[in-house]
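A.B. asks: Please read through the structure below; I'll follow up with questions.
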Amino acid sequence: MAKFQQWTQKFYLLLTIGMLLISGCSTPIEAPTYQVPTVAGNIADSATAQAVANQYLQAWQVEDYNLMYAMLTPISQDAIDEDAFRGAYQEIASALTLASLDYRILSSLSEGNHA
C-alpha cells in the first residue's frame, strides 16, 4: 500500500509539472478589447458629471449611437471611428443578449476638474 501511495504522489506531481509546462508554452487567447468611451464636456462637478452620464446612458437606451459618438472627446473619436464604435456597442448588446437597458446612477464623485 505504501508503494501505491508513493506512486500516486509521484504521478500527481509529474502531472502537475507537465500541466504547468504545457500551459506556460501555449499561446494565450486574446480577449476582445473595446474602447471605453469618454464623454466630452466640462464635468468639473458631480452634478454636471451625472447629467452628462445620464444623457449618454439615455442615448444608449434608445440606441442613439450617433449621439453617443458625438459625446466622445476628440481624442476618443480619433481612437475609434463611428462605424467601429456603433459595431462595438451592437456586438456587446448581442453578446449580452441585451433586450433593454435600465440604469440608475447611484453616486458620483468629483475632485478638481475630474468627475
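The values are calculated or read from the model by the stated rules, or taken from the named source; none is laboratory data. Since we're looking at a predicted model, the values are computed, not measured. Using ideal geometry, Cβ is built from the backbone for each residue, glycine included, and neighbour counts are taken over all protein chains shown.
A.B. asks: Restricting attention to the range 74-106, report how many residues are without any contact (Cβ under 8 Å) to a residue 12 or more places away in the chain, in contact with a helix residue (DSSP H, G or I) (Cβ under 9 Å, 6 or more places away or on another chain) and hydroxyl-bearing (Ser, Thr, Tyr).
C.D. replies: 0
A.B. asks: Does the range 56-89 hold any residues that are surrounded by 15 or more Cβ atoms within 10 Å (Cβ to Cβ) and of a type in the set (S, T, N, Q), and which are they?
C.D. replies: Ser76, Gln77
A.B. asks: Sort out which residues of the range 63-115 are touching a Pro at 6+ places or on another chain (Cβ under 8 Å) and in a loop (DSSP other than H, G, I, E, B), and write them in order of number.
C.D. replies: Across the range 63-115, the qualifying residue is only Met71.
A.B. asks: Out of curiosity, is Ile17 β-branched (Val, Ile, Thr) and modelled with pLDDT of 90 or more?
C.D. replies: So Ile17 does not fit the description; no.
A.B. asks: Kindly list the number of the only condition in (1) out of contact with any helix residue (DSSP H, G or I) (no Cβ under 9 Å at 6 or more places or on another chain); (2) at pLDDT below 90 that fails for Gln35.
C.D. replies: (1)
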